[in-house]
Amino acid sequence: MKKGSLLNERRAGQRVKVEAVAFVFQKGKLKGFYQVENLSESGIALGGRSALRKGDSIDLVIQLSGRPGIRMLAEVVHCSKEPIEAVYIVGLKFVELDQKTRSAINEAVKLPLKKTKVGQSENAADISMIPRYADLKV
């Protein structure tokens, strides 16, 4: 078995690149903002300046442009620091998704990126639309 193949076998769905931001909360407090690196039906990879501990449970909000935030619970499965870029890559698995949240994630995974300008896409998240934690509805 090749290195990494077992990890691929455990993934429930294909990981796709989406342009979005994620807001991570622990115990109701904002832990940090992260760039979404990739998304699947079962989990997400994030890149950001703050480390998260393996095994920690977090509240996660994914914000795609022009769409309501997708709020869910997740568990940190790995966190490693990228030496060149000085950012942390955090792998999360989704926990106890309800049907509405699962449908929203599936729709986001299927949403193709439409390129508009170099380095931008039509469905990139707009940071000015950052929701307040108290305003988020499950």
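The values are calculated or read from the model by the stated rules, or taken from the named source; none is laboratory data. None of these values were measured; they are calculated from a predicted model. Virtual Cβ from ideal backbone geometry, glycine too; neighbours counted across all protein chains shown. Protein only, heavy atoms only, side chains kept; ligands, DNA and RNA dropped before computing areas. Shrake-Rupley method; radii C 1.70, N 1.55, O 1.52, S 1.80 Å.
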Query raised in the report: When the range 92-109 is examined, which residues are found to be closer than 11 Å to ARG71 by Cα, open to solvent by 90 Å² or more (accessible area, probe 1.4 Å) and part of a loop (DSSP other than H, G, I, E, B)?
Result: none
Report task. Look through LEU46, LEU64 and report the one residue that is closer than 11 Å to LEU92 by Cβ, of a type in the set (A, V, I, L, M, F, W, C), open to solvent by less than 10 Å² (accessible area, probe 1.4 Å) and within 11 Å of the chain's Cα centre (by Cα). Result -> LEU46
Query raised in the report: Within the set of pairs 6 or more residues apart or between chains, which connect a residue that is surrounded by fewer than 13 Cβ atoms within 10 Å (Cβ to Cβ) inside the range 1-30 to a residue that is at pLDDT 85 or above with Cβ atoms less than 7 Å apart?
Result: ALA12/SER40; ALA12/GLU41; ALA12/SER42; GLN14/SER40; LYS17/ASN38
Query raised in the report: Yes or no: SER57 among the hydroxyl-bearing types (Ser, Thr, Tyr) and at pLDDT 95 or above?
Result: yes
Query raised in the report: Based on what the data block shows, is GLY32 in a strand (DSSP E or B) and in contact with a Phe, Trp or Tyr (Cβ under 7 Å, 6 or more places away or on another chain)?
Result: no
Query raised in the report: Can you find a residue in the range 123-130 that is open to solvent by 50 Å² or more (accessible area, probe 1.4 Å), modelled with pLDDT under 50 and of a type in the set (Asp, Glu)?
Result: yes
